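Student: This is the structure I have questions about; it appears just below.
The values are calculated or read from the model by the stated rules, or taken from the named source; none is laboratory data. Quantities reported herein were computed from a predicted structural model and do not represent experimental measurements. As a convention, Cβ positions derive from the backbone with ideal geometry for all residues, glycine included, and neighbour counts pool all protein chains shown. Only protein heavy atoms, including side chains, enter the accessible area calculation; ligands, DNA and RNA are left aside. Shrake-Rupley method; radii C 1.70, N 1.55, O 1.52, S 1.80 Å.
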Amino acid sequence: MLELLHIENIAVIEESDIRFHSGFNALTGETGAGKSIVIDAMGAVLGGRTSRDLVRTGTSRAFVSAEFSDVPPTLPGLGENGLSPEEDGVLLLQREITAEGKNACRINGRPVTVGQLRRIGQELVNIHGQHDGQQLLDEDRHGAYLDRFGRTDEALAAYRTEYDAMAKLRREIQSLKMDEAERARRVDSLRYQIGELERAELVPGEEAELASRRNLLRNAEKYLSALSAADYLLNGDDESAGAVNQIRQAEDALGGIRTLDEGLGELYRRLEEVRCEVLDIAETVRDRRAEFDFSPQELDAVESRTDLLYRLEKKYGATVEDMIEYLEKSRRELDTIETADDARAALEEKLKKAEAAVARSGAALTAARKAAGQELERRILEELRDLDMKKIRFSIEFGEREPGPDGCDTVRFLMSANVGEALRPIAKIASGGELARIMLALKNVLAEQETVGTLVFDEVDTGVSGRAAQKIAEKLAQVSRRKQVLCVTHLPQLAAMADTHFSVEKGERDGRTYTEVVMLEREARKTELARITGGSKMTPVLLESAGELLDEAQRYRDGLTSNATGFRYAIAVG
């Protein structure tokens, strides 16, 4: 149950604490006073869509928190996100919205995403907005309402598994289909590309080797000249000693005195190490000079190979590895096309079996929906008769269609509001008041199937007056004995029926508009009901009538309480 709604800087509401009670809570006020802003704030803290325009002008942020009581630890969405209510069952939802449009959401102080907040919020509160009744005019939604009531999740999931398998096979078959001319062109193109790449005899990594060899061959004269000079300086010739020989002579010179002290011995060892290292370098230089074999023909071959790879890379990939991958892909595609007829035949055999499975699971889903449809018809009619629509007829029509993601049937809600009139789609015959009552009946029936503890109705009385309004008030009172009800209303019948009555009042202070939410006691309720009924003219007769309306509503609520008590007593005695 929603205990406390705290609002800061939401539109014209600077700050407000609304402490709701169990049972039926009503909010009234002049048009434009800010009643819907309260609902917007509630929707925001439940994870609904928001806008930076919701932030009060001149402030940097808006903040809403909602405290719920008696929240079970098993509430869907909590455990999977590592959340839980306090030991006393309290769950605190918070959301901060900045003027830049950023969000910060928390549940019991723990940061969560807007999506997580929405997932949990929809398990706590169900908001019926001013325009929800228009959803009944969209026949594409009727099937979803029926599935929600009938809890066909298991049958629908089984059907979708079969349908997805069938859809995948159809896509695979379609990908194999092409006309003969296109097929021949594609085969010729693939064979040419495969042949060109195979003749190239590509080797992974050869680009780097070719680049290195080409660079060396292009600088052959400079390469040989440098190696020859280094060889001469290191190894010498018949007429002069090279560096290796001179270092050896220096080593021999120190050899005779190396034992005189430690310093000389150390110099001798270092010179020996240098000689060995220089000797190794000299041998390497001589080997590199001897190994180098240059010919103009090799340079031409390297240049030609590099040019070939460059041309192939322009067509098939940025590297040799990419071209090899393209070659393998082309081979697979060619094999697929050449064996397409056999593959398609095999897939079509699988498709027949998949289509049969879809038909079976679709039939099971339809049967589950029809069984749920009969019960939903009965429950809706009961609710509508309670709402003073005793002669209405309501029916759910099923039709066949091609299998789709949501089944093999169409679902339409039909009604007849007058005796002798045929059943027709709701969109063609329902008035605004009838639409509001049908939606209320549907919401009430669906709420019975859910664990949601709080139902919010934002101007559910649109297009309703007189006796129908009284019936809606009585229905909401009945619902409020099972679930907490919050209702924004303009009708005195609904406001009088509430257990708790709030007035949303707008005023000005220091050149700014402010909205406050005030809980009304009996005398203030009489005044507010008189205002709703008669407008600005407050007369003793209107006040007396308002008092009678409150008394009558109290008697009705007392009757509900006594009936519920008697029912519980009968069960206990039985």
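Student: Which residue, of Glu3, Glu80, Glu14, Glu87, is of a type in the set (D, E, K, R) and under 16 Å from Val456 (Cβ atoms)?
Tutor: Answer to the selection: Glu3.
Student: Would you please name the residue that is farthest from Ala144 (Cα to Cα), looking only at residues in the range 400-428 that are small (Gly, Ala, Ser), assigned to a loop (DSSP other than H, G, I, E, B) and modelled with pLDDT under 80?
Tutor: The qualifying residue farthest from Ala144 (Cα to Cα) is Gly420.
Student: From the residues in the range 266-300 that are part of a loop (DSSP other than H, G, I, E, B) and without any contact (Cβ under 8 Å) to a residue 40 or more places away in the chain, which one is least open to solvent (accessible area, probe 1.4 Å)?
Tutor: Restricting to residues being part of a loop (DSSP other than H, G, I, E, B) and without any contact (Cβ under 8 Å) to a residue 40 or more places away in the chain, the top hit is Ser295.
Student: Something else about it: Taking helices (runs of 4 or more DSSP H) that fall entirely within the range 146-254, which contain at least 1 residues that are in contact with a Pro (Cβ under 7 Å, 6 or more places away or on another chain) and surrounded by 13 or more Cβ atoms within 10 Å (Cβ to Cβ)?
Tutor: So the answer is 153-176.
Student: Give me the residue from the range 58-93 that is at pLDDT 85 or above and of a type in the set (S, T, N, Q) and, out of that set, most open to solvent (accessible area, probe 1.4 Å).
Tutor: Thr74
Student: Can you find even one residue in the range 331-338 that is among the hydroxyl-bearing types (Ser, Thr, Tyr) and either more than 40 Å from the chain's Cα centre (by Cα) or open to solvent by less than 60 Å² (accessible area, probe 1.4 Å) (or both)?
Tutor: Scanning the range 331-338 turns up no residue that is among the hydroxyl-bearing types (Ser, Thr, Tyr) and either more than 40 Å from the chain's Cα centre (by Cα) or open to solvent by less than 60 Å² (accessible area, probe 1.4 Å) (or both).
Student: Right, here's the next one. I need the full set of residues from the range 383-399 which are surrounded by fewer than 14 Cβ atoms within 10 Å (Cβ to Cβ) and at pLDDT 80 or above, in order please.
Tutor: Gly399
Student: Separate question: Among the residues of the range 351-373, write down those that are open to solvent by less than 30 Å² (accessible area, probe 1.4 Å) and of a type in the set (A, V, I, L, M).
Tutor: Matches in the range 351-373: Leu351, Ala354, Ala357, Val358, Leu365, Ala372.
Student: Moving on to the next point. Filter the range 94-107 for residues that are touching a residue at least 40 places away in the same chain (Cβ under 8 Å) and open to solvent by 60 Å² or more (accessible area, probe 1.4 Å); which is nearest to Thr451 (Cα to Cα)?
Tutor: It comes out as Asn103.
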